[in-house]
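The values are calculated or read from the model by the stated rules, or taken from the named source; none is laboratory data. Model, not experiment: these values are computed from the prediction. So basically every Cβ, Gly included, is an ideal-geometry build from the backbone, and we count neighbours across all protein chains shown.
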């Protein structure tokens, strides 16, 4: 991986999306309006109707579509996706609402260079319907987690989390809205850390400033 620590050599990021791209927009706002040493070099979607593609085009970022329905298998699609991604020579792959389960070979190709955000306080509620599951369990807190991607779904080492209180009046929709607000804070924060060389992955351990990240450092305070 190239050294991301100088503005002359910014971290090259490819973002994968399937939908509206609100987390993508948070990254665009951060990188375009701050001094984060990073560059969004491409946005790729498996859906041509993903609104996030328009967000990318409006920001002057190359927007590409690779429709999974054009491929006979998950492995064939992932091979084509990997080829497309590698055209942009990325240092980091960011999954931002990319609604595909990735094949093991694809994940291994980007080991330590691919991150995802999940709408729960991992390891709780891997998979789908996290807001409904948190409510049904009677939890008093929910949240989101940014983690490195591994071959086991939603099980990679966690970099940063943000929690939100669950109120008696919450519905899955209202809880999702609160969690989204935190996603838009912590995903750009993690990208900033990685771009400045502060965060890395060594074996299965997340390092912050060269030391294993602590539970306190891994958990940020929710922002209104």
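Computed values, structure above
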| item | result |
| --- | --- |
| Verdict on residue 108 being closer than 21 Å to residue 200 by Cα, part of a helix (DSSP H, G or I) and in contact (Cβ under 8 Å) with a residue 12 or more places away in the chain | yes |
| Residue list for the stretch 125-152, filter: in a loop (DSSP other than H, G, I, E, B) and over 24 Å from residue 188 (Cβ atoms) | 127, 128, 129, 137, 138, 139, 140, 151, 152 |
| Residue in the stretch 29-50 that is surrounded by the most Cβ atoms within 10 Å (Cβ to Cβ), counting only those that are in contact with a helix residue (DSSP H, G or I) (Cβ under 9 Å, 6 or more places away or on another chain) and more than 18 Å from residue 116 (Cβ to Cβ) | 31 |
| Qualifying positions in the stretch 135-147 - crowded, with 21+ Cβ neighbours inside 10 Å and either closer than 14 Å to residue 172 by Cβ or modelled with pLDDT under 95 (or both) | 142 |
| Residue among 177, 132, 211, 182 that is over 28 Å from residue 88 (Cα atoms), surrounded by fewer than 16 Cβ atoms within 10 Å (Cβ to Cβ) and touching a residue at least 40 places away in the same chain (Cβ under 8 Å) | 132 |
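Conditions tested, residue by residue: (1) within 22 Å of residue 200 (Cα to Cα); (2) in contact with a strand residue (DSSP E or B) (Cβ under 8 Å, 6 or more places away or on another chain); (3) without any contact (Cβ under 8 Å) to a residue 12 or more places away in the chain.
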| residue | (1), (2), (3) |
| --- | --- |
| 91 | yes, yes, no |
| 95 | yes, yes, no |
| 104 | yes, no, no |
| 140 | no, yes, no |
